[in-house]
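Working notes, beginning with the structure itself.
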Amino acid sequence: MKGYYVNDKISIKNFLPNKIKIDKSLFINNILKKNFPNDYKNILYLFEKNFNNHLLENKTIIQKTINAFEDAIKVYNPTSIILNGTVDWFNSILIFMSKKYKLKTYLILEGFHIFKDEKDIPRLNKKLLIDYYIAYGSAHKEVLKSHKIANERIFNVESIFLKKDNKKKINHYDACLMCYNPWLFNLNTTWDSQILTELEVLKIFQKLGLKKILIKKKLSSQLKSTTENRSIEIYQFLFEIIYKEKLKLSITINNNIMNNVVKLPRIIVGGISTAIFEANNITDYYIYEPKRNGYSQSEFKTITSFDKKYINKTPLELFKNIKKKNFTKLKSNSLEKEISFSEIFNTNAQ
């Protein structure tokens, strides 16, 4: 398994059109028509205009990326490509490039598929576009199998990112709040749900009499981080406006990696994420997913790693379960592996 260098000085071949027409047969037409029957034509017009604005702004970098990938494949002549995602344009290019050059593809996420989500498993004409999938335990494997992925295409291995740390746990904080990202694939979800949910959790912490709070920001790209502005002053200002009382908590905000955070608080409150596994057997993790965040029963019912009873959907549920110490418990076999990570490529090469 080797990396490769991409030629940044490669000449750009101009092959993308200046404008793309959204075909009426595309699924987005059905989605918009179903959710916005009175306005879908206007929304579709705005979507197409916005899409083509992005194309115009990013045309050069997209073409350069495609040219550079193609050049790297021709120079290094690989037999396979490892993907770390499926929904971004970067990995989408790699997926279709691998088909063009008949390369095997492996999907290795730095995280878990906690519930079934069709966009995580790309298909073309109902056929899988990725050859092999890496699962981190039996629960992750079950989610992949729910997509009708054959057993021989799934490698169930130990987690490659859950670090084992034998250092003694010292509680520097009463609680940690994991910053939220709303499930924007639900068209009824708005971006301000993240700060509203976080304020709700801080209100519960204050009601519980907690004092020292760590707020953990998500690690994200430079562009995405501009939508995740957090400050103690913002929390204090909005808290007082919404709840008509002062926020009295002593707050620290950081964006360290989860492995450096998980041992610091007595409890953690956050959404459905890989942090649940990172906190397992170290710090009590309470899931809080109010309706405004965008998740629904269609996602919850496909979770295989823990019981759905641990998902708190209202402030009262969260408050009561913290008081009762009814935190999230993974099913005993959730992280059971079948093969070591180092064996994947040896096994598949035979």
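Structure summary
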item	result
Members of segment 117-133 found to be out of contact with any helix residue (DSSP H, G or I) (no Cβ under 6 Å at 6 or more places or on another chain) and in contact (Cβ under 8 Å) with a residue 60 or more places away in the chain, listed by number	ASP117, LYS119
Odd one out for ILE251 among (1) assigned to a loop (DSSP other than H, G, I, E, B); (2) over 23 Å from the mean Cα position of the chain (by Cα); (3) surrounded by 18 or more Cβ atoms within 10 Å (Cβ to Cβ)	(1)
Residue match in segment 254-261 (condition: surrounded by fewer than 18 Cβ atoms within 10 Å (Cβ to Cβ), more than 16 Å from the chain's Cα centre (by Cα) and either aromatic (Phe, Trp, Tyr) or at pLDDT 90 or above (or both))	yes
LEU177, sole failed condition from (1) in the same structural domain as MET258 (by TED's automatic domain parsing); (2) crowded, with 21+ Cβ neighbours inside 10 Å; (3) within 14 Å of the chain's Cα centre (by Cα); (4) not charged (D, E, K, R)	(3)
Every pair of residues 6+ apart whose Cβ atoms lie under 6 Å, when the first sits in segment 142-155 and is touching a residue at least 12 places away in the same chain (Cβ under 8 Å) and surrounded by 16 or more Cβ atoms within 10 Å (Cβ to Cβ) while the second is in a helix (DSSP H, G or I) and not β-branched (Val, Ile, Thr)	ILE154/LYS141; ILE154/LEU144
Scope segment 288-330; condition closer than 22 Å to SER146 by Cβ, modelled with pLDDT of 95 or more and touching a Leu at 6+ places or on another chain (Cβ under 9 Å); matching residues	SER305, PHE306
Residues of segment 269-303 classified as of a type in the set (Gly, Ala, Ser), under 22 Å from LEU210 (Cβ atoms) and part of a loop (DSSP other than H, G, I, E, B), total	2
Set TYR295, TYR286, TYR310: member being surrounded by 12 or more Cβ atoms within 10 Å (Cβ to Cβ), out of contact with any Lys or Arg (no Cβ under 8 Å at 6 or more places or on another chain), of a type outside the set (A, V, I, L, M, F, W, C) and closer than 29 Å to HIS172 by Cβ	TYR286
Among (1) in contact with a helix residue (DSSP H, G or I) (Cβ under 6 Å, 6 or more places away or on another chain); (2) in a helix (DSSP H, G or I) - the single one PHE205 does not satisfy	(1)
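Conditions tested, residue by residue: (1) touching a residue at least 60 places away in the same chain (Cβ under 8 Å); (2) in a loop (DSSP other than H, G, I, E, B); (3) within 20 Å of LEU124 (Cβ to Cβ).
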{"site": "LYS24", "(1), (2), (3)": "no, yes, yes"}
{"site": "ILE31", "(1), (2), (3)": "yes, no, yes"}
{"site": "ASN38", "(1), (2), (3)": "no, yes, no"}
{"site": "PHE47", "(1), (2), (3)": "no, no, no"}
{"site": "ASN53", "(1), (2), (3)": "no, no, no"}
{"site": "ASN58", "(1), (2), (3)": "no, no, no"}
{"site": "ILE61", "(1), (2), (3)": "no, no, no"}
{"site": "SER92", "(1), (2), (3)": "no, no, yes"}
{"site": "PHE112", "(1), (2), (3)": "yes, yes, no"}
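The values are calculated or read from the model by the stated rules, or taken from the named source; none is laboratory data. Fair warning: this is a prediction, and the values are worked out from it, not measured in the lab. Quick reminder, even Gly has a Cβ in these numbers, built from the backbone with ideal geometry, and neighbours come from all protein chains shown.
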